[in-house]
Structure formats: structure tokens, C-alpha cells
1. What number of residues within region 16-58 are among the charged types (D, E, K, R) and within 9 Å of the chain's Cα centre (by Cα)?
2. Would you mention how many residues in region 35-64 are among the charged types (D, E, K, R), modelled with pLDDT of 95 or more and in a strand (DSSP E or B)?
3. Check off (1) at pLDDT below 55; (2) part of a strand (DSSP E or B) for Glu32 and give me the number that stays unchecked.
Amino acid sequence: MDDPGTKPPPKDDREVDYLTCSQCGTPCYVFEMEDGRIAEAMCLVCGNDEIELFSEGDDERSGD
């Protein structure tokens, strides 16, 4: 009786809301993901566009 449309996506396919720029700590919403990895990103505050200098933003998952 489970509705297949209500299952959570696999971890690799989960939606990332924002990235955090490690140079200035700003949440960044201008980015592209491919296969669960950051493909492109741009910080509109400091101009950083090096994908190695971004991390996935915190999400609201519980520690379970």
C-alpha cells in the first residue's frame, strides 16, 4: 500500500538546497550538481568559483 511517489530519494539523488562557500562562509544558491557531486558553483559575495572550495550546506536531517 506504499505509494512509490512518496519514497525519499536515494542519498545520491537528494536535492541540495545550497552550498557554503569556504572562503567567506556565505550560503550559495548558484550551482549545478551532477551525480551527487558539485559540478559548478559561484559565490555572489566573494566571487569564488572553485568547486573545491564549496561544501554542501547543512540540512535538517536528524542524527538518526
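1. Pass one, region 16-58, residues among the charged types (D, E, K, R): 17, 32, 34-35, 37, 40, 49-50, 52, 56, 58.
Then drop every residue that is not within 9 Å of the chain's Cα centre (by Cα), which leaves 17, 32, 37, 56, 58.
Here the count works out to 5.
2. Residues meeting the conditions: 1.
3. Of everything listed in (1) at pLDDT below 55; (2) part of a strand (DSSP E or B), Glu32 misses just condition (1).
The values are calculated or read from the model by the stated rules, or taken from the named source; none is laboratory data. Just so we're clear, the structure is a prediction, and the values are computed from it rather than from any experiment.
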